[in-house]
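To start, the structure under review is shown below, and the notes come after it.
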Amino acid sequence: MKERIVILLLVLWLPNICFSNRFELQGHLKNVPDTYYVTVGYDVVENGKWKRIIHDSILVENGMFSLSGQVDELSPAYIEINKQRLRFYLEPSKMTLHIDIHAPYNMQLTGTTVDEEFQTYISTFHECDSILTEKFRKAVDWEYTSEYSVDYPGMYSLYTHEKEDKLLAFCKKHPDYKIAPDLLLQALEIDMDSWDSYYDGNKVVKAPKREVFSGITKINKVIRKLPAEITNTNLGKKLLERASIAKAVSECRKTIIGSMAPTFTAVTSTGDSINIANYRDNKYVLLYFWADKISETPYAKEVISNMTKDIPSRDIVRISISCNIDGDEWRQEVHKYGDGYIHAEQPMSTDLYQLFVKQISSLYPFGTLPTYILIDKKGKIASITEGVAEEK
């Protein structure tokens, strides 16, 4: 009987804790219309791999919405409001999220074990995030890029690079915070992206030059201060894995210029087979990795011109490779731009793809396309230009 009483008291004293991996989120939004819609996304681990769950068009009535789902442990999440994605956290518990859309970065989260950590983060960064978002709004075409401000951290990092040191200082001060691995992952995202330009609403302009991976040493110093109970979490393990890869690629990048380019064989849009090794001692090769649209903008042409300005056009072979589309969609796109390039099918299983696309984009999941790689007549990598923005 006494055991039953103890169990009952525990349940009464811990009303917010769910005894499973289920979460329940109650949202309270201030200064929104009576009927409103938001999107919430969150990351979960399934079969040892991270996966993003997205709930589109969640109905908000009278300033309130609810969402439930499953997470094993602390997981990063975002809510999209007024073309802004606000980061928060989910746990297997009953939580409440309060947001005033007139002051979105002052949101409040309750019902988790990281409530105090999150509010400390908010009080430290809300002004910084507000200012940086406003800079981003003014500097780029907001209608075009707002939806990518989180999905493409490379573009956003042009304006948040100054936040990297703040994140490191915060985690150095609070190494025992459960949210520290996620904040350091944000710092890694900022550090690893290398967008070379951006669209300002009227034209593509060159971004301020900065060294990619310049902060990896500082980030690793802070990571080493995290206690084992933090690094043994899902987020902690993800951080250690990403930091390890980032360090390896950072070292690789220091020696990649001047190294031999991996060769590959691919089938072209005309049905021919090509191998870049066949051009050695005869031609320069310009590899153009693109997403789903081939760029023919003046700025893209300027980038190519700068990379090849000392090389006669007759000595250059231009090869385009899409990293996002194939099949009929790819054929339709390359048909529009038949001149000037040899259009190759994706060499998905080759060393070239593994090195320049798959491995790099696995570090910052949304990639830095388009990318241009110039290979000299000896088969060595002469130069690389990444993340050249395209005009709308």
Please go through (1) part of a strand (DSSP E or B); (2) of a type in the set (Val, Ile, Thr); (3) surrounded by fewer than 18 Cβ atoms within 10 Å (Cβ to Cβ) for Thr124 and return the number of the only condition it doesn't satisfy. (1)
Please tell me if Asp141 is surrounded by fewer than 22 Cβ atoms within 10 Å (Cβ to Cβ) and either under 25 Å from Asn234 (Cα atoms) or modelled with pLDDT of 80 or more (or both). no
Has segment 66-78 got any residue that is buried (at least 21 other Cβ atoms within 10 Å of the Cβ) and of a type in the set (S, T, N, Q)? yes
Looking only at segment 86-109, which residues are of a type in the set (D, E, K, R) and surrounded by fewer than 21 Cβ atoms within 10 Å (Cβ to Cβ)? Arg87, Lys94, Asp100
I need every pair where a residue in segment 53-79 that is in contact (Cβ under 8 Å) with a residue 40 or more places away in the chain has its Cβ under 7 Å from the Cβ of a residue that is assigned to a loop (DSSP other than H, G, I, E, B) and of a type in the set (S, T, N, Q), sequence separation at least 6 or different chains. Gln70/Asn21; Val71/Asn21; Asp72/Asn21; Glu73/Thr233; Leu74/Thr233
Flag if Lys209 is surrounded by fewer than 16 Cβ atoms within 10 Å (Cβ to Cβ), over 17 Å from the mean Cα position of the chain (by Cα) and at pLDDT below 55: yes
Scanning segment 27-51 residue by residue, those surrounded by 14 or more Cβ atoms within 10 Å (Cβ to Cβ), assigned to a strand (DSSP E or B) and out of contact with any Lys or Arg (no Cβ under 6 Å at 6 or more places or on another chain) turn out to be Gly27, His28, Leu29, Tyr36, Tyr37, Val38, Thr39, Val40, Tyr42, Val45, Trp50
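Any chance segment 65-73 includes a residue that's part of a strand (DSSP E or B), of a type in the set (Ser, Thr, Tyr) and at negative phi? First the steps, then the outcome.
From segment 65-73, those part of a strand (DSSP E or B) are 65-70; that's our starting set.
Add one more test, that the residue is of a type in the set (Ser, Thr, Tyr), and what stays is 66, 68.
Next cut, at negative phi only: 66, 68.
Yes - at least one qualifying residue is present in segment 65-73.
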Residue list for segment 75-103, restricted to those being of a type in the set (D, E, K, R) and closer than 20 Å to Glu127 by Cα: Glu80, Lys83, Arg85, Arg87, Asp100
Checking Ala300 against (1) over 30 Å from Tyr177 (Cα atoms); (2) among the small types (Gly, Ala, Ser); (3) at pLDDT 80 or above: exactly one of these is not met. Which one? (3)
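The values are calculated or read from the model by the stated rules, or taken from the named source; none is laboratory data. No experiment lies behind these values; they were computed from the predicted model shown. No Cβ is skipped: glycine too gets one built from the backbone with ideal geometry, and neighbour counts run over all protein chains shown.
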